[in-house]
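Reading through the structure tokens given below for one structure.
The values are calculated or read from the model by the stated rules, or taken from the named source; none is laboratory data. Because the structure is predicted, anything quoted here is derived from the model rather than measured. Note: ideal-geometry Cβ built from the backbone for every residue, glycine included; neighbour counts use all protein chains shown.
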Amino acid sequence: MPRKKHIKIAQVRTFSNVFDFSNINVESDLQKYFLKEQPLTIELGCGQADYSINLAINFPERNFIGIDRKPNRLWNASKNATTLNVSNVAFLIAYAEKLEEVFKNLKAEEIWITFPDPYPRNGSIKKRLTHPRFLQIYKSILTSNGKVNLKTDDDTLYEYTLKIISEENLKLVFATEDLYSASNLDYEKTIKTKYEKMHLENEKKIKLITFSFT
């Protein structure tokens, strides 16, 4: 492991806005961190958390948690949020499979899945973040009317997710194969992550799906 990466992994767990799912008190620690009890939005696979931080800046009346399984990715997220003095966003080191262990009382109104690994091979379908095994987890950590948003450039993941929504009898709220061809988009749909900017430069079309369980 490169020395710089090793240093970041060690440092990030000392940052006041970064939490670890393995801590038995992580849920209560997250609740104590936020200055106000406000509606919660979660971003999965957040990386450097462009989405979470931009949402937090523009929606101070909400709280945000960016989640990633790799602590070194959250080093930049934490530093950026601190530099911008954004106090209504926190970061959690966790696997998506472990979220039910964290969010027992704290429930989210919205989940954003931004440009996840599409796992295109058939043998990896269960790793897709919109596979039914993950949907059951999302349902358990969302409020009764909570929503899930998937933003991707990948055709296969987009079509697969629409298929799962239909098979699982979920409610499709919004879907587009070309996000920026639509008009009157809400701000949260137009935030561009590092990877999204790269995809757009390569002339890829950005896809968005929003769905709920009720």
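Restricting to the stretch 21-64, name every residue that is closer than 17 Å to LYS98 by Cα and assigned to a helix (DSSP H, G or I).
VAL26, GLU27, SER28, ASP29, LEU30
Taking the residues in the stretch 141-179 that are small (Gly, Ala, Ser) and loosely packed, with under 13 Cβ neighbours inside 10 Å as candidates, determine which candidate is farthest from ILE65 (Cα to Cα).
SER166
For the stretch 22-40, how many residues meet the condition of being surrounded by 13 or more Cβ atoms within 10 Å (Cβ to Cβ) and under 19 Å from ARG69 (Cβ atoms)?
Summing the residues that are surrounded by 13 or more Cβ atoms within 10 Å (Cβ to Cβ) and under 19 Å from ARG69 (Cβ atoms) in the stretch 22-40 gives 5.
Are there any pairs with C-beta distances below 9 angstrom linking a residue in the stretch 148-177 that is assigned to a helix (DSSP H, G or I) to a residue that is buried (at least 18 other Cβ atoms within 10 Å of the Cβ) and of a type in the set (S, T, N, Q), with the two at least 6 apart or on different chains, and if so which?
Hits for this filter: LEU157/THR130; TYR158/THR152; TYR160/THR130; THR161/THR130; THR161/THR152; ILE164/THR130; ILE165/THR130.
Determine which member of the set SER78, SER22, SER52 is touching a Gly at 6+ places or on another chain (Cβ under 7 Å) and polar (S, T, N, Q).
The unique qualifying residue is SER52.
Can you tell me which of (1) under 29 Å from LYS5 (Cα atoms); (2) modelled with pLDDT of 95 or more is the one ARG73 doesn't meet?
Evaluating ARG73 over (1) under 29 Å from LYS5 (Cα atoms); (2) modelled with pLDDT of 95 or more leaves (2) as the failure.
When the residues of the stretch 191-214 are filtered to those that are among the polar types (S, T, N, Q) and over 15 Å from the mean Cα position of the chain (by Cα), which remaining residue is farthest from ASN80 (Cα to Cα)?
Restricting to residues being among the polar types (S, T, N, Q) and over 15 Å from the mean Cα position of the chain (by Cα), the top hit is THR214.
Working only within the stretch 108-147, note down all residues that are assigned to a helix (DSSP H, G or I) and among the hydrophobic types (A, V, I, L, M, F, W, C).
ILE125, PHE134, LEU135, ILE137, ILE141
If you check every pair at least six apart or on different chains, which have Cβ atoms under 8 Å apart with a residue in the stretch 3-24 that is among the charged types (D, E, K, R) first and a residue that is in a loop (DSSP other than H, G, I, E, B) and surrounded by 13 or more Cβ atoms within 10 Å (Cβ to Cβ) second?
ASP20/ARG13; ASP20/ALA94
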